[in-house]
Amino acid sequence: MIEGLNPGLILILGALLVPLTSGIIRSILILALPVIAVIHIHMLGLGTWGHYEFLGLSLEITRIDPLSRIFGTIFCIAAFMGMVYAVHVKDTIQHFAALIYIGSAIGAVFAGDMITLFAFWELTAISSVFLIWASRTERAYRAGMRYLIIQVTSGVVLLGGIILYYQDTGSIAFDYIGLSSIAGGLILLAFGIKSAFPLLHNWVQDAYPEATVTGTVILSAFTTKLAIYALARAFPGTDILIPIGGAMIILPIVYVVLENDLRRVLAYSLNSQLGYMVIGVGIGSELALNGTAAHVFVHIMYKSLLFMCMGAVLFRAGTVKVSELGGLYKSMPVTTVFCLIGAISIAAFPLTGGFVSKAMIQSAALNGGLNILWPVMLFACAGIMDHSGLKVPFFTFFSKDRGIRVQEAPINMLIAMGIAAFFCIGIGVFPGLLFDLLPYAPTYDAYSFGHIVSALQLLFFTVLAFMLLIRYKVYPMELRSTVLDFDWFYRVPLKRLALAVGRLVLFVWNWTLGIANNIVNSVINVVANTHGNGKALARTTSSSMAIMIIVAVLGFVVVFFYG
């Protein structure tokens, strides 16, 4: 049983020791658990373990194949980086919740059946919300409640889909499902909620920036990428995912230009990057799925790196508002360098991981005859370069110096950033190291002359446009503002509608209750007037009188019914 233990359970069980430890012992524990888990994954090899019968259902607790292995591996690496980044934190709740959350995400990746998937799926929702509430602010509490409602809703929809799928097929195996039934549609919707499909995406920008400095870094790596894994497992080649992914990469670009909170900028950017992955799943070819898996890997690295840099700025300067930052390269030079590495990687600059993974998905789109989608993806690359590759580092470190002088980030934060930066560059320089982990045999050369030239041209003109917009003060900047997105509809008018309906229901209930009370009181009064103390029907009478009354009533009945 221990040999075939789901790797996610290693972190979940280890989390139970967190409240019992402190100091250096706890630090060693939280750093060792992800290492043990990744070693366990690769020692097990490929196969299935943990076969049980439960209520007539065949459970498969652990399944390791090439697709789950690469996701599990990157999750363990991200977990280690997150724990290094958070090792200075003394909050037991954060460490405990983070390990449960990470372990649940890893456990879901290696689930061989949908019941096991559902159990881990819901555990990720419940445990992750504590990383938001750990900020201990009213805004964080409210955002956490909205986040929890949406995440649990995803689980409820998933459970409904699983039940219908079992009724249709008699199976709960977590394999290809497709959209041939209502069950498939519900399961896709459940995965889509966690993948941040368009109009279902706002929980990312709402909740992630309200989490703690370390919590945001950890949250950014797991929930949405778990959903991408689920899509790749159950819906590869599903055509509807292609336009959905296209919308995902385009829609956030408008918002990030206007957004003042840089952690929220990165959250919007995260949405856009997820669009590439969804497109890859929708295309469904071996190259596209390899590109999706590769992009998940490098995205976690550069997005975690950027979130860590902004977290370090927030930790030292107390803000990540564009309107309040500038000139921090003087105080935080090492963080500045790491932020630039993350920026060029997300911009897909040659010799970075982002260049390799995006090239695979773009080539898969061309090979699949999606000629219209390819320029859309190029436009999105330019947009991503603008908001994450230029806006984040420029306005944080190089724009107008506001006289903020702080210490450099703590050493553990810098080490975590260094690990992420190493992977961002290392995968770009030596892509073969990543290709060996991909689910299909790689047959792709990212460094073709044409691709290098087109990428450099795109980046050059994007930088030029950004500089001109800044120079002539056309670029929106230094705005103390709140950007309204689709969530405004359910946070304001829908909330008001729900409250109005609630008040109407309460009015109808009180009105109905008042009528019922009046009826009951009338009955009580009538009974009291006839049967109360000293009343006619409560008086003692003689036997002869009683007999006369009975005979009279009997006579009336006989005459009335039989006359």
Go over the candidates Ser481, Ser543 one by one and state the one that is surrounded by fewer than 12 Cβ atoms within 10 Å (Cβ to Cβ) and at pLDDT below 80. Ser543
Identify, please: which residue in the stretch 244-271 is crowded, with 24+ Cβ neighbours inside 10 Å and over 18 Å from the mean Cα position of the chain (by Cα) and is, among those, farthest from Lys303 (Cα to Cα)? Glu259
Take the residues in the stretch 359-393 that are under 13 Å from Ile344 (Cα atoms) and modelled with pLDDT of 85 or more, then tell me which one is surrounded by the most Cβ atoms within 10 Å (Cβ to Cβ). Val392
The lone condition Val356 fails out of (1) modelled with pLDDT under 85; (2) crowded, with 18+ Cβ neighbours inside 10 Å is (1)
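Somewhere in the stretch 204-222, is a residue part of a loop (DSSP other than H, G, I, E, B) and surrounded by fewer than 21 Cβ atoms within 10 Å (Cβ to Cβ)?
No, the stretch 204-222 contains no residue that is part of a loop (DSSP other than H, G, I, E, B) and surrounded by fewer than 21 Cβ atoms within 10 Å (Cβ to Cβ).
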Of the criteria (1) free of Cβ contacts under 8 Å to residues at least 40 places away in the same chain; (2) closer than 29 Å to Leu438 by Cα; (3) not in a strand (DSSP E or B), which one His51 fails: (3)
Taking the stretch 63-117 and the residues there that are under 20 Å from the mean Cα position of the chain (by Cα) and among the polar types (S, T, N, Q), the one that is surrounded by the fewest Cβ atoms within 10 Å (Cβ to Cβ) would be Thr73
Just to be sure, is Tyr440 at pLDDT 75 or above, hydroxyl-bearing (Ser, Thr, Tyr) and within 29 Å of Phe197 (Cα to Cα)? yes
Does the stretch 363-393 hold any residues that are assigned to a helix (DSSP H, G or I), under 22 Å from Gly237 (Cβ atoms) and free of Cβ contacts under 8 Å to residues at least 60 places away in the same chain, and which are they? Leu366, Trp374
Kindly check whether there is at least one residue in the stretch 21-36 that is closer than 18 Å to Trp121 by Cα and in a helix (DSSP H, G or I). no
Inspect the stretch 285-305 for any residue being at pLDDT below 90, touching a Pro at 6+ places or on another chain (Cβ under 8 Å) and closer than 26 Å to Ser363 by Cα and give the result as yes or no. no
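In the stretch 154-172, what residues are loosely packed, with under 15 Cβ neighbours inside 10 Å and either touching a Lys or Arg at 6+ places or on another chain (Cβ under 6 Å) or of a type outside the set (D, E, K, R) (or both)?
Listed by number, the residues that qualify are Val156, Ile163, Gln167, Thr169, Gly170, Ser171.
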Can you spot a residue in the stretch 178-190 that is crowded, with 24+ Cβ neighbours inside 10 Å, under 26 Å from Ile25 (Cα atoms) and among the β-branched types (Val, Ile, Thr)? no
Residue ID - nearest to Met467 (Cα to Cα), chosen from residues in the stretch 394-408 that are loosely packed, with under 15 Cβ neighbours inside 10 Å and touching a Gly at 6+ places or on another chain (Cβ under 6 Å): Lys400
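Checking the structure you have, find out if any residue of the stretch 252-265 is among the aromatic types (Phe, Trp, Tyr), more than 22 Å from Ile74 (Cα to Cα) and in contact (Cβ under 8 Å) with a residue 60 or more places away in the chain.
Within the stretch 252-265, the first condition is being among the aromatic types (Phe, Trp, Tyr), and the residues that meet it are 255.
Going one step further and asking which of them are more than 22 Å from Ile74 (Cα to Cα), we end up with 255.
Imposing the further condition that a residue be in contact (Cβ under 8 Å) with a residue 60 or more places away in the chain reduces the set to 255.
So far as the stretch 252-265 goes, yes, one or more of its residues are among the aromatic types (Phe, Trp, Tyr), more than 22 Å from Ile74 (Cα to Cα) and in contact (Cβ under 8 Å) with a residue 60 or more places away in the chain.
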Does Gly160 count as at positive phi and touching a residue at least 12 places away in the same chain (Cβ under 8 Å)? no
Note on the stretch 45-62: residues surrounded by 18 or more Cβ atoms within 10 Å (Cβ to Cβ) and under 21 Å from Ala78 (Cα atoms) are Thr62
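The values are calculated or read from the model by the stated rules, or taken from the named source; none is laboratory data. Note that the structure is a prediction, hence the values are computed from the model and not measured. Reconstructed Cβ throughout: ideal geometry from the backbone, glycine too, with neighbour counts over all protein chains shown.
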